[in-house]
Amino acid sequence: MKPTYYAPEPHKKTPARIIQWLRTHRTRSIVLAGVVSIILVGGVAAFMMSQQPAQSDTTPSAPSPSKKSAPPVVYYSPLTGEKVESEQATKQAVTAIMIENSPDARPQSGLKSAGVVYEAVAEGGITRFLALYQQQKPTLIGPVRSVRLYYVDWLAPYQASVAHVGGSQYALQEVRNGSYRDIDQFFNGSSYWRASDRYPPHNVYTNFERLDALNATKGYTTSNFTSFPRVDGKPAASPTANSVTINISGPLYNTAYTYDATSNTYLRSVAGGPSNDRELGRIAPSVVVAMKVDMSLVFEDGYRESITTSGTGSAVVFQNGIATECTWRKKSRSSPLELLDASGQAVPLIRGQTWIAAVPNGTGGVSWQ
């Protein structure tokens, strides 16, 4: 009898065997699946963590409050109270220039650019201007005329150089005593010239290209002084000084000012017509001051007008469309002019050009409405 041979059972495919095993070992398969899932999740998490930037293991502190930046420093001209670019600009040299006001000298050049202007009778009822400049430098100034002693008194506190064509005996003795920055045309002729379109003596002119060069050669490069306290201007809601009349000597020299609320300035008129700068147009100061002064004749190199500049007197300040009655005070030649209220406190002036008229007691007058 032949032995019987059984063919070996073919191997089942691997997937089928796995499925069969899972059916047979259901509990184990569940556990295995869980283990695999944990391994996969852990691996993914570890991979993700490895891609994150390293962080400090220190506890972050609460954010500190932000520091407020300091406000920018603002500088103001001591002459006009207007803004200037730097501290150095506040010490820029001041130049005082004597400018004529006879009818033959009108319209003048450079007056609109002056920071402060003093107006007073020079001779025979004819008024003359002492114009002070610091920041603004007009290209033409004149006609330049002679100086009087009371103008020297007014310019002295500004540490200013003084441009003029000669002067009265007492004035020249003072400005040439070594205490002043004298830039008289008599000794500095190349810094001045005579214009061909006007007759002498109404035709001497200068400009700041020449005056600055002259000041620099003499070392007059800075000025340190104290002037009027300044504040921002604000037109009055109900102006009470819309029209101002200042009588100094006579019809050709009496002035009027009309308040312009739009520009918060006073439009200047003289001898019944507009007061103009030949190059820049209508003169319109921000502040007008009328101060009453004692005036008399004295004998120097002839009879000359004399004005008492030291001491006290009454004054009226016109600004913002309002009139403020006050007292002027000047303690000495070198002391600044002060404007004081009834309590003795300084009357602050608004920023801009200031025009100061010396009105003779007895013969002059000031009125407004």
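The values are calculated or read from the model by the stated rules, or taken from the named source; none is laboratory data. Predicted model, so just to flag it, every value in this text is computed and none were measured. Cβ placement follows ideal geometry from the backbone for every residue including glycine, while neighbour counts extend to all protein chains displayed.
If you go through the range 288-311 and keep only what is surrounded by 13 or more Cβ atoms within 10 Å (Cβ to Cβ) and in a strand (DSSP E or B), you end up with 288, 289, 290, 291, 292, 293, 295, 304, 305, 306, 307.
Looking across the range 256-271, just one residue is touching a strand residue (DSSP E or B) at 6+ places or on another chain (Cβ under 9 Å), among the hydrophobic types (A, V, I, L, M, F, W, C) and not in a strand (DSSP E or B), and that is 271.
Look at the range 145-169: where a residue is within 18 Å of residue 134 (Cα to Cα) and a partner is modelled with pLDDT under 95 and of a type outside the set (Gly, Ala, Ser), sitting 6+ places away or on another chain with Cβ atoms under 9 Å, you get 157/226. Scanning the range 133-143 for residues that are in contact (Cβ under 8 Å) with a residue 40 or more places away in the chain and surrounded by fewer than 24 Cβ atoms within 10 Å (Cβ to Cβ) turns up 135, 137, 138, 139, 140. Close Cβ contacts (under 6 Å, 6 or more residues apart or on different chains) running from residues in the range 332-345 that are closer than 23 Å to residue 224 by Cα to residues that are assigned to a strand (DSSP E or B) and aromatic (Phe, Trp, Tyr) comprise 339/328. Taking the range 272-287 as the range and being among the β-branched types (Val, Ile, Thr) and not in a strand (DSSP E or B) as the test, only 283 passes.
Can you tell me which of 77, 69, 64 is modelled with pLDDT of 95 or more and either of a type in the set (Ser, Thr, Tyr) or under 30 Å from residue 269 (Cα atoms) (or both)? Reasoning before the result, please.
Numbers: 69 fails: modelled with pLDDT of 95 or more; 64 fails: modelled with pLDDT of 95 or more.
Testing whether each residue is modelled with pLDDT of 95 or more and either of a type in the set (Ser, Thr, Tyr) or under 30 Å from residue 269 (Cα atoms) (or both) leaves just 77.
Applying the set (1) surrounded by fewer than 21 Cβ atoms within 10 Å (Cβ to Cβ); (2) out of contact with any Lys or Arg (no Cβ under 9 Å at 6 or more places or on another chain); (3) part of a strand (DSSP E or B); (4) not charged (D, E, K, R) to residue 334 leaves exactly one unmet item: (3).
Name the one entry in 208, 225 that is under 30 Å from residue 90 (Cβ atoms) and in contact with a helix residue (DSSP H, G or I) (Cβ under 7 Å, 6 or more places away or on another chain). Every option except 225 fails the conditions.
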